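> My structure is below; once you've seen it, I'll send some questions.
The values are calculated or read from the model by the stated rules, or taken from the named source; none is laboratory data. Note that the coordinates shown come from a computational prediction; the quantities given were computed from them, not determined experimentally. We place every Cβ from the backbone using ideal geometry, glycine too, and count neighbours over all the protein chains shown. The protein model used for the area step is the full one, side chains on, heavy atoms only, and it has no ligands, DNA or RNA in it. Shrake-Rupley method; radii C 1.70, N 1.55, O 1.52, S 1.80 Å.
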Amino acid sequence: MATERTLSIIKPDAVAKNAIGEIISRFEKAGLKVVAAKMLHLSEEQAGGFYAEHKERPFFKDLVGFMTSGPVVVQVLEGDDAIAKNRDLMGATNPKEAAPGTIRADFAETIDANAVHGSDSPASAEREVAYFFNADEIHSR
Ligand code: RTP
Ligand code: MG
């Protein structure tokens, strides 16, 4: 298994629920290390650029509206198979379809307010990590 980095975002709904610690704890207990972290209130431009792959989708406006509705916590997770491991911990996009015990099953309410984001491939992880962090802000360990 390769050591990977992935970009994780604790979305505005989970921050508002005071669930930052519980979510990060799940990453750590699964063997993922937080090697970079910051709290941000995204602008429309930042959120739209981050989710540019969905620009033409019908839910894009709602997605940007939600992601700019409050502060988020953005972090880089590092570990063996980090991209897939994080996606497994997150659960399905729609919390109604998320497996029991996953972050979205436990913290998300709707497909829009779904608690967390995680990179879905090595290429997107590389782009998304660089979108929020300079190399000197990442503390590999
Ligand atoms: P994310 O990018 O946030 O980690 O979520 P994901 O990979 O599981 O899902 P993705 O297809 O990338 O969609 C990004 C976000 O857009 C919202 N969405 N709404 N109404 C809909 O059909 C719909 N589909 C997606 C979700 O909030 C999703 O997290
Ligand atoms: Mg996605």
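> Can you tell me which of Gly65, Gly91, Gly118 moves the most in a GNM of the chain? Springs connect C-alpha atoms under 10 Å apart.
Fluctuation is largest for Gly65.
> Determine the dipole magnitude for the chain: charges of +1 sit on the beta-carbon of Lys and Arg, -1 on that of Asp and Glu, nothing else is charged, the reference point is the Cα centre, and the result goes in debye to the nearest 20.
Values: 16 positive and 22 negative charges, 44 e Å.
That gives the chain a dipole magnitude of about 220 debye.
> Give me D for the chain in µm² s⁻¹, whole number, from Stokes-Einstein with Rh from the Kirkwood sum over alpha-carbon pairs, 25 °C and 0.890 mPa s. Provide the component values of the computation, followed by the final result.
On the way: Rh = 15.0 Å.
Result for D is 164 µm²/s.
> Would you mind calculating the gained length between Glu22 and Val34 on full extension (0.36 nm times residue separation, minus the Cα-Cα distance), in nm to one decimal? Spell out each step's value before the answer.
Values: separation 12, 0.36 × 12 = 4.32 nm, distance 1.36 nm.
The Glu22-Val34 span can extend by a further 3.0 nm.
> Report the residues of segment 23-45 in range of a label on His139: point 7 Å along Cα→C-beta, backbone N strictly under 15 Å from it.
Label zone hits: 33-39.
> Per 0.36 nm of contour for each residue apart, how much would the distance between Ala123 and Asp80 grow if the chain were fully extended, relative to their Cα-Cα spacing? Present the calculation step by step, with values, prior to reporting the outcome.
Numbers: separation 43, 0.36 × 43 = 15.48 nm, distance 1.65 nm.
Length difference between fully extended and current span is 13.8 nm.
> Share of the chain's accessible area from carbon and sulfur, percent, 1.4 Å? List each step's numbers first, then the result.
On the way: 3710 of 7250 Å².
Result for the chain: 51 percent of the exposed heavy-atom area is carbon or sulfur.
> What number comes out for the charge environment of Gly79, summing +1 per Lys or Arg and -1 per Asp or Glu over other residues with Cβ under 14 Å away? Don't jump to the answer; show the numbers that get you there.
Numbers: positive: Arg5, Arg26, Lys29, Lys33, Lys85, Arg87, Arg141; negative: Glu4, Glu28, Glu78, Asp80, Asp81, Asp88.
Taking every Cβ under 14 Å from that of Gly79, the sum is +1.
> Say R0 is 22 Å: what FRET efficiency, to the nearest 0.05, do Tyr131 and His41 get from their beta-carbon distance?
Values: r = 16 Å, r/R0 = 0.72.
My answer for the efficiency is 0.90.
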